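Each value in this text was obtained by applying a stated rule to the coordinates, not by laboratory testing. For clarity, every value in this text was computed on a predicted model and none was experimentally measured. In this analysis, Cβ positions are derived from the backbone assuming ideal geometry, glycine residues included, and neighbour counts consider all displayed protein chains.
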Amino acid sequence: MVNDQLKFAGAARYIGSLPKDDQMCDYYEVEVDGNISYVYIPIGPDRNANTP
């Protein structure tokens, strides 16, 4: 595990909330060292799909 955490301010772009495997997820485009990746984060029952 790396002790230094990367700062992602300005490196991630919110795409939207979409269903994945019968659960709503927030999707993001993340750029690190010039590489673009797409990640999803499941939205818990206490989150609203309209709030990023």
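Which net charge results when you count Lys and Arg as +1 and Asp and Glu as -1 among the other residues whose beta-carbon is under 12 Å from that of VAL39?
Numbers: positive: ARG13, LYS20; negative: ASP26, GLU29, GLU31.
Once all neighbours under 12 Å are counted, the net charge is -1.
Working from label points 7 Å from Cα in the Cα-to-Cβ sense, the ILE43 to GLU31 distance is 2.6 nm.
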